[in-house]
Structures are given as C-alpha cells and as structure tokens.
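Report on one structure; see the data block that follows.
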Amino acid sequence: MINRICLILLIFFSSFLIAQLRIEITEGITDPIRIAIVPISWNLQDPPREYLNQIISSDLESFGEFEALSTKEMLSLPKNEKEILYRDWKLLKVDYLVVGSASQGEMPEEVIVNFSIVNVTREKVIQRSISSGSISYLNSLAHVISDRIYKEINGLPGIFSTKISYINKENSTRGKYFLKVADIDGRNDSVLFSSVEPLMSPDWSSDGRSLAYVSFEEGTSRIFIQELYTGKRKALKSEKGINSSPNWSPTDKYLSAVLSKGDNPDIYLYEVKKNTWKQLTDHIGIDTEPDWSPDGRKIIFTSNRSGSPQIYEITVSSRKIRRKTFEGTYNARARYTPDGRSFIFVHRREGLFHIAVQNLRTGKLRILTDTQLDESPTISPNGKVIIYATKKDEKNILAGISIDGKTRFVLPTSSGEVSGPSWSPLLKAFDWSPLQRLINSRRLF
Amino acid sequence: MQNYYAGLSISVILHMGLVLAFANFFQIESLYSLNKVDPMPAYLVFERPQSITKKNNLKKIKKVINREPIITSPPIQAADTKIEIETIEIEKNLLMEQIMKRESLSSVEEISIFSNLIRQQVMINWKQPSSTIKGMTSELTIMLVPTGEIVGIRLTKSSGNEAFDNSALDAVEKVIKFEGLNMSRKLFDAHFRNFTLVFNPKN
C-alpha cells in the first residue's frame, strides 16, 4: 500500500522535477578502439631504421583495448594536423589518429618528437605533446609516447614504460641465479645482481628506486635492499631461521617480511631507517607472503592457522585479523589490486593451481587462468594486467593475462627458468632511461 | 490532545514515505519501467504532468506495466562483438516491425519503442574506455530534427572522467542520424526534439 501511495506521489512530483525524456544506456560494445599511428616523419639527415609507429602500435595492441591500423591499410599519410582528410579516416572506421614529426634536438643524440592525438569522430585535436629521447633508445621513447596516448584516450595511466623484475636461473645443474629487470614485453632485460646461491622474491619499492629480495649468498636466507641506479646493496638485520617474502609499505618507511626466529614463521615489520624488526602476527601456524594495502593500513597474508593455506587480512594498527577466503583448500600469495578493492591470489581447484581475483567487500571469486601450476601473480600499477609464473613444456616461464580475462600473452624471456615476477610502480621516464637526462615528455595543451 | 498526536504521526509517516520514495528506498524505478528486462534498457519520464496525474491515464500505465515485456532482449554480455551487433540488429528489426503495425499502440508504447530504437543505435557505437567504473554517469542533451538527424549534442552532466565523457559524446556523434523515427509530428515535438541520454554502465 505504501508502495502504491509513494508511486503515485513519485509520479506526481517527478513530473515537476524532470520534464524531459531520458533514455538510459547501460552498455556498449566491446570492440577495441581503432587507432591509426601514422609513420612519424623524420626531419633528420640519417633517419633510424626502427619504426616508432610500429612500436607504439604494438604497445597499444598488447592488452586488447586498442586495434591499430597497419601502415598498408592507410589511405593517406598526413605529416601534420593540417594534412588530415577526416573523410578517409572515417571511412576506415578509425576512432583516433596520431600524427607527428621528429627532429634533431640540441644534444647530439637527442631526438624530439612532436605529436598530436586527434579524435576523428569529432574532428578535433585532443592533445599536442612533445617528447624527447635518445636516438639509441627509441624503444623507451616509443613506450613513453604510448603511455601518453593510452592515458589520453583511456583515462588510465599507461604501463608501457614500467618494468618487471624477476629471477632467472641458468639451465645447468650448478646454474647461476640472476636478478633481472626488463620491459613489460620481456625485451631489454638487464642483470642487476647474480649469485651461485638461490635468489628469491624481488619486490619494488613504491618510489621505484629500490628492490628488496632474498639471497642465500651467505648460506642462509637474508633480505637485501638494492638501489637501482647506484647498485648500492644493504643487508637487513638477519634473524635465525627463515628470512623471506619482503614487501615494501606504500610510503617505503617499512618492509613487511617473514621471520621464523628459529621457531614458526610469522609476519614482522622492519623499519628501514632504524634497522629494527617488530612482530606483527603471532600464531602457532605458518604466516607468510605479506602484502601492504595501497592505503598502508592493512596487510594481506597467507596462513595455515585453519588447517589449510588461506588468505587473511590484518589491520596494522589494531592487529585485528579477518579470514578472507573460504572456497577450496589452497589459497595463497595474495596481492592487492591498486584500487585496494580486490586481491589476486593462487587458488587450487580440482588439483590445479590457477590465478584468481576476489572482491574484498563482496567476497566474489573469479578464476582468470586456465593453465596449471600458476604462481606468484603480480599486478600492473593501473590494475589492468597480471603477470604470473607458470609452466609450459616443463619449463618455468612468465605469462600475462588482462584482469577481464580476455587477453593472454607469454613473455619472451631469456633461456633458463624464470620465477617470482614483480611489477614496478609507474616510473617517470627519466628515472629509468640509461641516458637519464635525455628522456623528457610534456604536454603542450 | 489525542487527536493532535494522531494527526502528527500520520503526517510524519506520510512525509517519511515521501522522503524515502525520493531516496528510492522502495525501488519504484523497477516497477515504473516498461520493460521487465535485465539490464533495464530504457525508462521513461513523462513530460506532461496533467496527462499522468489523471486517473484514467494511471490505469493505462499500470496496464502496460502488467503486460508481457514489449521487447524481450537477452542481456548482451557476450565477448564476441559480432554476435552482440547481430543481436542488436535483430532487436532493431523487431522494433521496426512493431512500428509498422502501430495502429494498436498507445502513445506510451510508442515512446518506449522509439526510445529503444535510439538506445540501440547509440549502444552499437559506444566503446567504453577501460577506466570505466560501474556507477559513472554522463548525461547528454540531444537535439534532433524530425528526420532524425542530430543537430546538437551537449554534455549536461559530466561523470568526472574525461575519457568516459568523450566516449559518450563520440558514440552519439557517430550516429549522425537516427533511423526509423517515423512518428507523428506531435509526438516528436513533445518528446524527441530534445531529450536526455544517460550513459550509466551496469558492469
């Protein structure tokens, strides 16, 4: 009855409030956005053989959100905004167009790329940018440009100039272990540290300038922090027994890690400046694999306190612990998504290990991978892609999947076994470039 | 004194009901929708107050609500875009057929059908950016001429995400001309010359 009265009242009042027909659109199509990267015109005496537009196109196509037109399909190749014939591009059903030119910079190695992102549908330039970099490292420059395009069109930060660190083991009985960093497509890898003893679980600091990892170089496990640009290494105060799973807090003030102090493993907090450890969890069972929430208030970890490995969340200030997973008998290695609303983890179902994602509030679980023996997932800083270690033809490799489960890929890594991938935060291009001062990118409007 | 309290409490209850109704506590929108399809394709808000508040018109609306859904469209979630587009095309053809046999249709039904036609033609052109989050809403005011051509698009409420707003504007811009809007001039002037499109992703 109340419903009915209210219905009448609502109709009566809404007629005053809104006097226009409203049509609601709740979904669109899942077509990728069509983009055309016109070859960059080089105003150089000796133009490079690498094609910037191809690197940018393949970057943007990586995760299925964009579809790039090949140069062959293009009806015209405009060198600047004025030469664009919109009718041609509309005919090709192109949504966005990028045109640009490159010229010599002030320094001998420097190239400057001026480019415009154009909305074809509305015939409007939506961004003009200038990016510069070294001609010997065109890849890095292309990734920076891809990030700009991705951000402008998709509204999310691009991840093409972020990095992946992982452990690579040589394929022989006494094979060496390498701590490596590579582009997210697996290319341009470089070795940061190598050892004949095992290396494990690298983790990026939140400012992107240091890595923490476990090394057995002294015979027992010990956690090290290594600065990326100086190569300076620092060993954390070690305790008897296990020292493992380092993970940086969002402010880089603390590390959470697992210590056993000769007894059963628990989560401890390490204060970087004071070089001291503080115990966080205390339970007879095993507590391991901690990860800080993006707001720094909570830590998610794996514990077998209920009899089987499950995911738990602890509030750092109050030490209140909540169990998060209830499906299945094996759930481990949880990592928060960057928005802090969900976590990704390893979930066993019917004897196979999969990567899954679960919403923290609703508890809804979704399995993403259909391979087996998937482990140690790491998520991109924009929350759209997961890279994980898996087995293919009896070999440990790195594979990736988009968070919607639609796009899959395998990283072409060097020979040997790869494990323990860790995704860097968003890096400023000049932070990482080998010729640091050269790479620069700014928006003109 | 007793009478005073009785009157006051009735007044409080009625006002509470009113406030809750505005806060959508009773979820009347679903009652109010003409299509009992999930996800809800379109809902209507009428322009002429007097035509609704009259008793006999209210009955008419209720009759429509109780009827079988006019269009039974399956929720489109398939990853395969080709199938999606095909489904939308089939739906569109169904609607066109209904318009052909429209002598029996009431004006409410007509508005619903034309709204759905518009909705589908926008849907087919809408590519959501991947930064889309459930709950984002952009509102666009669209101006049409009787042939169905779009003569004006205005963003009247931003979602706060520029990429999302742009995708909505692009979707409408790509339509250029709405097809199949062969309606009476009176109906067009009353509802379709200016209307609001609400982009409100459900997943």
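Read-outs: derived from the displayed coordinates by stated rules, not from any lab. A quick note: this is a predicted structure, and the numbers were derived from the prediction, not measured. Here Cβ is always computed from backbone atoms with ideal geometry, including for glycine, and neighbour counts include all displayed protein chains.
Students often get this wrong, so check it: of A:Lys234/A:Lys278; A:Lys274/A:Lys324; A:Lys384/B:Lys127, which have C-alpha atoms separated by over 21 Å?
Numbers: A:Lys234/A:Lys278 19 Å; A:Lys274/A:Lys324 33 Å; A:Lys384/B:Lys127 17 Å.
Correct reply: A:Lys274/A:Lys324.
How long are the three semi-axes of the equivalent ellipsoid for the stretch A:163-426, computed from the Cα gyration tensor as the root of 5 times each eigenvalue, in whole Å, largest first? Kindly include the intermediate steps, with their values, before the conclusion.
Details: eigenvalues 121, 115, 62 Å².
So the three semi-axes of the stretch A:163-426 are 25, 24, 18 Å.
Taking the Cα centre of the stretch A:304-406 as origin and charging only Cβ (+1 Lys, Arg; -1 Asp, Glu), how large is the dipole, in debye to the nearest 20? Before the final figure, lay out each step's value.
Values: 19 positive and 10 negative charges, 108 e Å.
With only Lys, Arg, Asp and Glu charged at Cβ, the dipole is about 520 debye.
Counting only the backbone N, which residues of the stretch A:58-90 are under 18 Å from the spot 7 Å out from the Cα of A:Tyr51 toward its beta-carbon?
Only A:58-62, A:67-80 pass the distance filter.
Cβ neighbours within 10 Å, averaged per peptide: list A:20-26, A:170-176 in order, most packed at the top. Walk me through the numbers before you get to the answer.
Working: A:20-26: 19.6, A:170-176: 10.3.
Highest-to-lowest ranking by the protection proxy: A:20-26, A:170-176.
Excluding A:Ala142 itself, calculate the net charge of residues whose Cβ lies under 12 Å from the Cβ of A:Ala142, where each Lys or Arg counts +1 and each Asp or Glu counts -1.
So the environment of A:Ala142 carries a net charge of -3.
Expected output is a single nm value to one decimal: the length gained when fully extending between B:Ser106 and B:Ala23, i.e. 0.36 nm times separation in residues minus the C-alpha distance. What is it? Don't skip to the answer; put the middle values down first.
Working: separation 83, 0.36 × 83 = 29.88 nm, distance 3.05 nm.
Full extension from B:Ser106 to B:Ala23 adds 26.8 nm.
If we sort A:226-233, A:289-296 on the protection proxy, mean other Cβ atoms within 10 Å, highest first, what's the order? Before the final figure, lay out each step's value.
On the way: A:226-233: 12.9, A:289-296: 19.2.
Ranked from most to least packed, the peptides come out as A:289-296, A:226-233.
What average count of beta carbons from other chains do you get within 10 Å of the Cβ of residues in A:31-38? Kindly include the intermediate steps, with their values, before the conclusion.
Details: counts 8, 2, 6, 1, 0, 0, 0, 0.
Mean inter-chain Cβ contacts per residue within 10 Å come to 2.
Around A:Asn396, what is the net charge, scoring Lys/Arg as +1 and Asp/Glu as -1 over all other residues with Cβ under 10 Å from its Cβ? Present the calculation step by step, with values, prior to reporting the outcome.
Details: positive: A:Lys169, A:Lys391, A:Lys392, A:Lys395; negative: A:Glu375, A:Glu394, A:Glu417.
Neighbour charge sum, excluding A:Asn396 itself: +1.
Can you give the local net charge around A:Val120? Use residues other than it whose beta-carbon is closer than 11 angstrom to its beta-carbon, Lys and Arg +1, Asp and Glu -1. All intermediate terms of the calculation are to be shown ahead of the outcome.
Working: positive: A:Arg34, A:Arg87, A:Lys90, A:Lys93, A:Arg122, A:Lys124, B:Lys174; negative: A:Asp88, A:Asp95, A:Glu123, B:Asp170, B:Glu173.
So the environment of A:Val120 carries a net charge of +2.
Out of the stretch A:253-339, which trypsin sites (Lys or Arg not before Pro) are coil in DSSP terms and have no more than 12 other C-beta atoms within 10 Å?
Working: sites: A:Lys253, A:Lys261, A:Lys273, A:Lys274, A:Lys278, A:Arg297, A:Lys298, A:Arg305, A:Arg319, A:Lys320, A:Arg322, A:Arg323, A:Lys324, A:Arg333, A:Arg335; in loops: A:Lys253, A:Lys261, A:Lys273, A:Lys274, A:Arg297, A:Arg305, A:Arg319, A:Lys320, A:Lys324.
Passing both the DSSP loop test and the Cβ count: A:Lys273, A:Lys274, A:Arg319, A:Lys320.
For chain A, count the residues as N, evaluate 2.2 N^0.38 Å, and divide the Cα radius of gyration by that value, please. Don't jump to the answer; show the numbers that get you there.
On the way: Rg = 25.2 Å, N = 445, 2.2 N^0.38 = 22.3 Å.
This ratio for chain A stands at 1.13.
Just how large is the dipole of the stretch A:163-426 about the Cα centre, in debye to the nearest 20, putting +1 at every Lys and Arg Cβ and -1 at every Asp and Glu Cβ?
620
How many partner chain Cβ atoms sit within 10 Å of a residue's Cβ in peptide A:113-124, on average, as a whole number? Don't jump to the answer; show the numbers that get you there.
Working: counts 0, 0, 0, 0, 0, 0, 4, 2, 9, 6, 1, 1.
The shielding value for this peptide is 2.
Quick one: order A:His354, B:His15 by neighbouring beta-carbon count within 10 Å, fewest to most.
Values: A:His354 22, B:His15 10.
With the sparsest Cβ surroundings first, the list reads B:His15, A:His354.
Suppose each label sits 7 Å from its Cα in the direction of the beta carbon; what would the A:Glu123-B:Ala6 distance come out to in nanometres?
So the two model labels end up 7.3 nm from each other.
Give me the number: length gained by fully extending A:Leu85 to A:Arg322, i.e. 0.36 nm times residue separation minus the C-alpha to C-alpha distance, one decimal in nm.
Result: 79.3 nm gained on full extension.
What is the average number of partner chain Cβ atoms found within 10 Å of a Cβ in B:173-180?
Details: counts 4, 6, 0, 1, 0, 0, 0, 0.
Counting other chains' Cβ atoms within 10 Å and averaging over B:173-180 gives 1.
Amide H of A:Phe193 versus every other amide H placed in the peptide plane: which residues, excluding those fewer than 5 positions away on the same chain, fall under 5 Å?
A:Leu179
Zone of B:Ser158 (label point 7 Å along Cα→Cβ, backbone N under 16 Å): which residues in the stretch B:133-148?
B:136-141
Using alpha-carbon positions, what is the distance between the centroids of the stretch A:184-247 and the stretch A:376-420, in Å?
20
How much mean residue ellipticity at 222 nm does chain A get from its helices, if each DSSP H run of length 4 or more adds -39500 (n - 2.57) and you divide by all residues, to the nearest 500 deg cm²/dmol?
Values: 5 runs with 53 residues, N = 445.
Per the formula, -3500 deg cm²/dmol.
Measuring from centroid to centroid over Cα atoms, what is the spacing of the stretch A:87-105 and the stretch A:121-141 in Å?
Between the Cα centre of the stretch A:87-105 and that of the stretch A:121-141, the gap is 12 Å.
If packing is taken as the average count of other Cβ atoms within 10 Å, what order do A:65-78, B:160-173 fall into, highest mean first? Present the calculation step by step, with values, prior to reporting the outcome.
Working: A:65-78: 15.2, B:160-173: 19.8.
The packing order, highest mean first, is B:160-173, A:65-78.
Whole number please: convex hull volume per residue, Cα atoms of the stretch A:67-157, in Å³. Intermediate values should be presented prior to the final figure.
On the way: hull volume 9.8 nm³, N = 91.
Measuring per residue, one finds 108 Å³ for the Cα hull of the stretch A:67-157.
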